[in-house]
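As structure tokens, the structure follows; a few thoughts come after it.
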Amino acid sequence: MKKRVLGAAAIFAAAALTLAGCSGSGGSSSSTDSAGSITYWASNQGTSLQNDKDVLQPLLDKFTAQTGVKVNLEVIGWNDLQTRIQTAITSGVGPDVVNIGNTWATSFQATGAFLPFDDSAMSAIGGADKFAATALSTGGAAGQTPTSVPLYGYAYGLYYNKAMFAAAGLTPPTTWEDMVADGKKLTDPAKGVWGTSIEAGSYTENNHFAFITSAQNGGAYFDGSGNPTFTQSQNVDGIQRYIDLMQTDKIADTADAQYSTGTESISNFAKGTAAMIFNQNNAEANLTADGMDASQYGVVPIPAPASGKPVASFIAGINLSVFKNTKNQDAALKFVNFMTSPDTQSALGKPFSSIPVLKDATPTFTTDPDIAKTFSNIYNNLSQPLPTVPLEASFETEVGNSMNTLFATVATGGSVSSSDIQSALNTAQEKVAASN
Amino acid sequence: MVLTTEKPEVAPVGVASAPGAVKLPKKKRPKGWWLPFALIAPAIVFELLIHVIPMIVGIWMSFIKLTQFYIANWSAAPFVGFGNYQIALNFNGAQGQALLSSFLVTCGFTILVVGLAWGFGMAAAVALQKAFRGRAIFRTMFLIPYAVPMYAGIITWKFMFQQNTGVINQILGALHLIDPNNPPFWLIGNNAFVAMVVVAIWKLWPFAFLMLMAGLQTINEDLYEAASLDGAKPFRQWRNITLPGLGAVNNVLLLVLFLWTFNDFNTPFILFGGGEPPAGDLISFHIYNTSFITLNFGFGAAMSVLLLLFLMLVSAIYLVFINRRSRRA
Amino acid sequence: MRETTGFKTFRIVTLAALAVFVLLPLYVMITSALKPLGDVQGKFTWWPTNFTIQPFIDIWSTIPLASYFVNSVIVSTSASVISVIIAIFASYAVSRYKFRGRNAFTTTILSTQMFPGVLFLLPLYLIFINISQTLGIQLIGSYLGLIITYLTFTLPFAIWMLTGYFDNIPRELDEAAKVDGASAIGTLIRVILPVARPGIVAVLVYSFITAWGEVLFASVLTTQSSRTLAVGLGEYSTQVNVYWNQIMAASVVVSIPVVIGFLLLQRNFVAGLSAGAVK
């Protein structure tokens, strides 16, 4: 009896191994793909990985029908994406085409693993001219051949609750100071209502606002030759201004310090417990899901201080890159061309709430013409790219994480002075420099 | 009596197999000398492939400058000797300081988790040592956290530790231990350490319980009878009979708990995700972040090697200490 | 045996406190899985007022949970079975033979427990890639790569536990079999294994649970089609929402088979441990 169990187990194990050997369809190897197929890794944009697949597959089928090239799609969650791309770069074995957060573009460019879009590659995908200039500026380090091209564009805006503003007799703010004053009027902790709600536990969001507030102050995190300049006073003041929303202005609840998924503040806004939020233009799907109709809110650019520079966002978005060692470069470039064609762009604009990255394209991410106009204006005129330097990825992590810690200090009853910020930035800068 | 007369008969059987051994001198090597090697060969192959060779590659990585500029082309990565180690061990520099603080957090975490997990396991094992109604129910219940997949268990704790919606603050509020209008945070700030310890104990202590419970079954019941006839109180019995009886279990159990806890990656990874609070920055997690998020694999490898050296040192000291004590005993 | 009141108090307090500690998360997991999303985003309530089983339906479509489930079953079963078979052979050699390098073998095997996973994660990935390219055996994104990784992770503890177990099986049994003309392997299979069944079950259970819950290596060595449950559960938090009720429902679903299986085998497991590992 016992022997039979063991024997059966051994047979089962052998069968499993055989099975395992056969199921090499993982899709992670460009080397074994036949000439007519490519592998595409897409990051999660929709409500679930499955939703992304459902949205993309019909388009991929259309591409296959047009060109005969089969596309193996894998949608990867954000938790895994960076690790997966890095292991692919390190091993030289990965997908043919990948989409990445555009802020990583220069860091990945530095690895040399991605195909540079030189003149011939660029013309194969329809020419650099087809892209909006702001969108294209995220493709890599200034002065170098870009290794990624824009796919989806996003920008931050200040969402405000129309009814709450009207009830308090307010108009949307045009300066940071106004925004804080409005926030104070709208805040009523006893009722659990706050002027704003921020994702203060998300290191990426925090990092974005370190950058935006610094740019409004005329500062920069890197100098012209790519060396970190974290500790300059504009950066310290910018972070202080952002943290003070919770610390001294008290228009954001301390509970926000734990928000890290990018969804909690939206949910508060929809529930009416926050009168304003800073969010990228893809909030509409969430807000609708949470029961807030587009007619109930308006969007204006995130205001700068009265004396500051008019920067309202960084150029957010997703870029496409081709792995240099792809065996199917032609097919890969055809695919990039297809994904950045006007038809595909307008088809994906709605489900992924993205701003078109093409010149003169009509936005489809919202049905509200005012909101569409505001975001197009912010994206094209009031945004700057995050530093296009190889150390960007480290900058994002280190500065963002130290801001998480500073917010945690405020939320747990401590105080954060400008010298605390200065020293946190100093530590972040040393770490970034040491990882170079 | 029957038993004792039978026993000597067994020994001759053993001797009877000698004829096989008598043939041995004819060949240079005993017949079947290769058998044990063949038996361990599969284990060696897999250990080499999965553990040993990657380890050696990892050690080599720690001596090269494997940053984002070189990860796509390793052969071009410059050899930096102990450069990565110097950065890691320069405690005046930011990276060295971060490593040191992560190391200290991990030490505190390990001491608390191993100590309490062992204590809980011991208390439960002793409480369930003697039969009583409902013993099987408790025994079964206590083993559940060991079987629940790690991700499911930790993510549930994360849900419970939410500041304004979590059950933990609700219970503490109901017990008037906290101000319900200003509930504490558990996943950020210094409390993150407490949360991490609680979660780690929850998933680790059943294993200690399991091992100790198994160990208790090997202790002769008569010893307790004799002790209670001598009037020894339960605590004395525990100290004089149970603890020594579990010596062998404890030697291994404590070492394994120590190694698993010190290398714990899952708890902070699942509990905190990307933005880890400094108080929750366990060393494995710290190294992972440095390697993968900031793309510096050479430096990450150097820190890992230092971690390995530390663990080897502690284990060696522990084993020497254990051996000495057992020799004295 | 007489029990003092002190001991009884100790027993009641210990068992009550630990029962609360163990059960609280399980209670929260199960009840939250029966609430609509809106309710789990608000203040925790002890009882699902808007009771729904919808999360248990939604979990299968939000992510391909069923396919992850199958992957986990195949990987964990294969890894634990193969690990046990290899460990049986190795432990038999260590327990019954004196051979050159025996100590080195056992020491090395056990010391791999110290290796920090982060140190050999990337090298292992690269070695797998190289094997794929030179031998054509796909190890990344296939079951095979995960299986051999997990079986190796559980080998040290398995070999150590079974060696202890075999050491406690009287040699006389071996000798008797030899007299009957059995070969060494025959002795192992016909004589030792039946006696060692509890120990083997213990190792099997340990290996299965380890493989079922592993996160770090699975996140790098799997692709969409070979993803295991332990990492797949992370996909319930997306760009747009964190589906807490579905996370809890999926946690219940992935826990149930392991918990039930484990509880059925626990007697064997404890017997196996106490006869083998702990002596």
* Structure fact -> Counting only residues in the range B:295-329 that are open to solvent by 10 Å² or more (accessible area, probe 1.4 Å) and polar (S, T, N, Q), the one farthest from B:Ala98 (Cα to Cα) is identified as B:Ser326
* Pick out the one residue from C:Gly181, C:Gly272, C:Gly213 that is within 17 Å of the chain's Cα centre (by Cα) and more than 30 Å from A:Asn51 (Cβ to Cβ). => C:Gly272
* To do: Would you mind telling me which numbered condition in (1) within 22 Å of A:Ile315 (Cα to Cα); (2) crowded, with 20+ Cβ neighbours inside 10 Å A:Leu186 fails?
  => (1)
* Structure fact -> Counting only residues in the range B:131-149 that are in a loop (DSSP other than H, G, I, E, B) and surrounded by fewer than 19 Cβ atoms within 10 Å (Cβ to Cβ), the one farthest from the other protein chains (Cβ to nearest Cβ) is identified as B:Arg133
* To do: Test A:Asp330 against the criterion of being under 30 Å from A:Val93 (Cβ atoms), charged (D, E, K, R) and either crowded, with 22+ Cβ neighbours inside 10 Å or in contact (Cβ under 8 Å) with a residue 40 or more places away in the chain (or both), and give yes or no.
  => yes
* To do: Working carefully through the options C:Leu139, C:Leu126, find the one that is buried (at least 24 other Cβ atoms within 10 Å of the Cβ), of a type outside the set (Gly, Ala, Ser) and at pLDDT below 95.
  => C:Leu139
* Any hit, the range B:234-246, residues being farther than 23 Å from B:Ile322 by Cβ, touching a residue at least 12 places away in the same chain (Cβ under 8 Å) and surrounded by fewer than 24 Cβ atoms within 10 Å (Cβ to Cβ) -> yes
* **Filter result for A:Gly349 (open to solvent by less than 10 Å² (accessible area, probe 1.4 Å), more than 29 Å from A:Gly143 (Cβ to Cβ) and either modelled with pLDDT under 90 or small (Gly, Ala, Ser) (or both))** => yes
* Structure fact -> Taking the range A:285-310 and the residues there that are within 14 Å of another protein chain (Cβ to nearest Cβ) and open to solvent by less than 30 Å² (accessible area, probe 1.4 Å), the one that is modelled with the highest pLDDT would be A:Met292
* **Subset of the range B:209-233 that is open to solvent by 60 Å² or more (accessible area, probe 1.4 Å) and assigned to a helix (DSSP H, G or I) - its residue that is farthest from C:Gly272 (Cα to Cα)** => B:Leu229
* Asked: Can you find a residue in the range C:59-80 that is at the interface with chain B (Cβ under 10 Å from one of its Cβ atoms), surrounded by fewer than 23 Cβ atoms within 10 Å (Cβ to Cβ) and out of contact with any helix residue (DSSP H, G or I) (no Cβ under 9 Å at 6 or more places or on another chain)?
  -> no
* Filter result for B:Asn289 (assigned to a helix (DSSP H, G or I), within 22 Å of the chain's Cα centre (by Cα), more than 9 Å from chain C (Cβ to nearest Cβ) and under 24 Å from A:Phe108 (Cα atoms)) -> yes
* Please tell me if B:Ile154 is β-branched (Val, Ile, Thr) and touching a residue at least 60 places away in the same chain (Cβ under 8 Å). => yes
* Structure fact -> So, first residue in the same structural domain as A:Gly101 (by TED's automatic domain parsing) in the range A:359-388, second residue of a type in the set (D, E, K, R) and open to solvent by 40 Å² or more (accessible area, probe 1.4 Å), Cβ within less than 6 Å, six or more apart or across chains; the pairs are A:Thr364/A:Lys350
* Restricting attention to the range A:70-81, which residues are over 30 Å from C:Phe120 (Cβ atoms) and surrounded by 20 or more Cβ atoms within 10 Å (Cβ to Cβ)? -> A:Val71
* Write out, first by first residue and then by second, each pair whose Cβ atoms fall under 7 Å of each other, whose residues are 6+ apart or on separate chains, and whose first residue, in the range B:128-151, is among the β-branched types (Val, Ile, Thr) while the second is assigned to a helix (DSSP H, G or I). => B:Thr140/C:Leu263; B:Thr140/C:Gln266; B:Ile144/C:Val22; B:Ile144/C:Leu26; B:Ile144/C:Val259; B:Val148/C:Ser255; B:Val148/C:Val259
* Asked: Would you say A:Leu425 is of a type outside the set (Ser, Thr, Tyr), in a helix (DSSP H, G or I), open to solvent by less than 30 Å² (accessible area, probe 1.4 Å) and under 16 Å from A:Thr229 (Cβ atoms)?
  -> yes
* Asked: Which residue, of B:Gly119, B:Gly81, is open to solvent by less than 60 Å² (accessible area, probe 1.4 Å) and in a loop (DSSP other than H, G, I, E, B)?
  -> B:Gly81
* With respect to B:Trp186, determine if the residue is among the aromatic types (Phe, Trp, Tyr), under 30 Å from B:Val256 (Cβ atoms) and open to solvent by 30 Å² or more (accessible area, probe 1.4 Å). => yes
* Structure fact -> B:Val199 meets each of (1) open to solvent by 10 Å² or more (accessible area, probe 1.4 Å); (2) touching a residue at least 40 places away in the same chain (Cβ under 8 Å) with one exception, condition (1)
* Structure fact -> When (1) within 25 Å of A:Gln216 (Cα to Cα); (2) modelled with pLDDT under 95; (3) surrounded by fewer than 18 Cβ atoms within 10 Å (Cβ to Cβ) are applied to A:Asp119, the one that fails is (1)
* Asked: In the range A:134-155, how many are surrounded by fewer than 24 Cβ atoms within 10 Å (Cβ to Cβ), assigned to a loop (DSSP other than H, G, I, E, B) and in contact (Cβ under 8 Å) with a residue 40 or more places away in the chain?
  -> 3
* Asked: Of these, B:Gln68, B:Gln86, B:Gln97, which one is over 30 Å from C:Ala93 (Cα atoms) and part of a loop (DSSP other than H, G, I, E, B)?
  -> B:Gln68
* Structure fact -> Filtering the range C:5-30 down to residues that are open to solvent by 10 Å² or more (accessible area, probe 1.4 Å) and either touching a residue at least 40 places away in the same chain (Cβ under 8 Å) or not hydrophobic (A, V, I, L, M, F, W, C) (or both) yields C:Thr5, C:Gly6, C:Lys8, C:Thr9, C:Arg11, C:Thr14, C:Tyr27, C:Ile30
* Structure fact -> Restricting the range C:95-123 to residues that are open to solvent by 10 Å² or more (accessible area, probe 1.4 Å), more than 7 Å from every other protein chain (Cβ to nearest Cβ) and among the hydrophobic types (A, V, I, L, M, F, W, C), the one nearest to B:Leu66 (Cα to Cα) turns out to be C:Leu110
* **Close pairs from the range A:390-403: first at the interface with chain B (Cβ under 9 Å from one of its Cβ atoms), partner in a helix (DSSP H, G or I) and among the small types (Gly, Ala, Ser), Cβ under 6 Å, at least 6 apart** => A:Pro390/A:Ser107; A:Pro390/A:Ala110; A:Ala393/A:Ser107; A:Glu398/A:Ala428
* To do: State which residue is surrounded by the fewest Cβ atoms within 10 Å (Cβ to Cβ) when the search covers only the range A:82-97 and only residues that are closer than 15 Å to A:Ser148 by Cα and within 13 Å of chain C (Cβ to nearest Cβ).
  => A:Ile89
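The values are calculated or read from the model by the stated rules, or taken from the named source; none is laboratory data. Given the structure is predicted, the values throughout are model-derived calculations rather than measurements. Positions of Cβ are generated from backbone atoms using ideal geometry, with glycine treated the same way; all protein chains shown enter the neighbour counts. Remember, those area values only see protein heavy atoms, side chains included, never the ligands or the DNA or RNA. Shrake-Rupley method; radii C 1.70, N 1.55, O 1.52, S 1.80 Å.
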